[in-house]
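Some notes on the structure that comes next.
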Amino acid sequence: MTRFTLAAAVLIGLGHRVLGALEQCGQAQYDPANYVCWENQFLCPVTAGEGLSYCNGACYSKFMYTCNNNILTLLPPAESAFTLTVSNPALPQLHDKLVTAQGLRLWLGGETKSYCPSVVDPNCPPGNVTSIVAGGFGGAGMNTMVPGGQQVYLTPDWNVGYTQAHSAYMPSGSTSTGFAAYQGGGFINLNGNGWGWVACPPRASGPAGPEWALFGRNSTNAESLDYCTPINLKVTPYPGQGAAAWQYT
């Protein structure tokens, strides 16, 4: 990890548009709003409200990697159903809020919307928690009972949606692979031009919905999402048995 000089730290801090009171990290000064200091000599950037961790010369995300005996390794994949929680300590109105399904989109906070047909009730799951399962080849699906399932995908503008029950339809230009979920870590968008997840507040010109919207940010939509805030999505094992809902609506 390169040790930053004072000049470099100041320039980078200005690039983040916020320059607070500088602190010392070894021979360098840094803005703690934008960096964390490890072992009093290594600087790692703050992303989505949290400083990256440090391992033997590399900065890394705890949502994807772990460091054991100074060796950086991927976290094990999540092999069972899970829920997602927003993580960004600098965004207290959303930090630790659950990701919820409604209107064929994933939202940050709010209520889960689901449906159970009368011919199945009372054998339906409660349907009040949004749960996801990681699929093969980088796919993901909703943790539902409905035949055919409900696939998670990115819309052409990278809003996060899921398919309608009994239908595999996704708009042209959607992306249904490139996801990864890690035990004790996060739900990650691995698509090549992805810049991580962002939370977008409700507004007239944004996605229609009562809650904050979940988008994947990339090189093509970054400008239109400049009002959104970077977040991580924390994976937590689903506490129930089997499917969480018949279908999400």
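Could you please let me know if Tyr227 is under 29 Å from Gly127 (Cβ atoms), among the hydroxyl-bearing types (Ser, Thr, Tyr) and out of contact with any helix residue (DSSP H, G or I) (no Cβ under 8 Å at 6 or more places or on another chain)?
no
In segment 166-190, what residues are surrounded by fewer than 22 Cβ atoms within 10 Å (Cβ to Cβ), out of contact with any helix residue (DSSP H, G or I) (no Cβ under 8 Å at 6 or more places or on another chain) and not in a strand (DSSP E or B)?
His166, Ser167, Ala168, Tyr169, Met170, Pro171, Ser172, Gly173, Ser174, Ser176, Gln183, Gly184 - these are the residues of segment 166-190 that are surrounded by fewer than 22 Cβ atoms within 10 Å (Cβ to Cβ), out of contact with any helix residue (DSSP H, G or I) (no Cβ under 8 Å at 6 or more places or on another chain) and not in a strand (DSSP E or B).
Ala244: among the aliphatic types (A, V, I, L, M), in contact (Cβ under 8 Å) with a residue 60 or more places away in the chain and within 18 Å of Ala134 (Cα to Cα), yes or no?
yes
Please return the ranges of strands (runs of 3 or more DSSP E) entirely within segment 25-144 where 2 or more residues are in the same structural domain as Asn191 (by TED's automatic domain parsing) and under 30 Å from Ala165 (Cα atoms). It would help to see each step written out before you state the result.
Details: elements: 28-30, 35-38, 42-47, 53-55, 58-60, 65-68, 71-74, 82-87, 99-102, 105-108, 132-134, 140-142.
In segment 25-144, the matching strands (runs of 3 or more DSSP E) lie at 82-87, 99-102, 105-108, 132-134, 140-142.
For segment 145-162, how many residues meet the condition of being out of contact with any His (no Cβ under 8 Å at 6 or more places or on another chain) and either farther than 14 Å from Asn221 by Cα or part of a strand (DSSP E or B) (or both)?
11
If you scan segment 73-93, which residues turn out to be surrounded by fewer than 19 Cβ atoms within 10 Å (Cβ to Cβ) and more than 25 Å from Gly135 (Cα to Cα)? Full working, then the answer.
From segment 73-93, those surrounded by fewer than 19 Cβ atoms within 10 Å (Cβ to Cβ) are 73-74, 76-77, 79-80, 89-93; that's our starting set.
Within segment 73-93, Pro89, Ala90, Leu91, Pro92, Gln93 qualify.
Among (1) modelled with pLDDT of 95 or more; (2) surrounded by fewer than 15 Cβ atoms within 10 Å (Cβ to Cβ); (3) farther than 30 Å from Met142 by Cα, where does Tyr54 come up short?
Tyr54 satisfies all of (1) modelled with pLDDT of 95 or more; (2) surrounded by fewer than 15 Cβ atoms within 10 Å (Cβ to Cβ); (3) farther than 30 Å from Met142 by Cα except (2).
Assess whether Val120 counts as being over 19 Å from the mean Cα position of the chain (by Cα), surrounded by fewer than 16 Cβ atoms within 10 Å (Cβ to Cβ) and among the aliphatic types (A, V, I, L, M).
Answer is yes for this residue.
If you go through segment 137-155, how many residues are under 18 Å from the mean Cα position of the chain (by Cα) and of a type outside the set (A, V, I, L, M)?
7
The values are calculated or read from the model by the stated rules, or taken from the named source; none is laboratory data. No experiment lies behind these values; they were computed from the predicted model shown. As a convention, Cβ positions derive from the backbone with ideal geometry for all residues, glycine included, and neighbour counts pool all protein chains shown.
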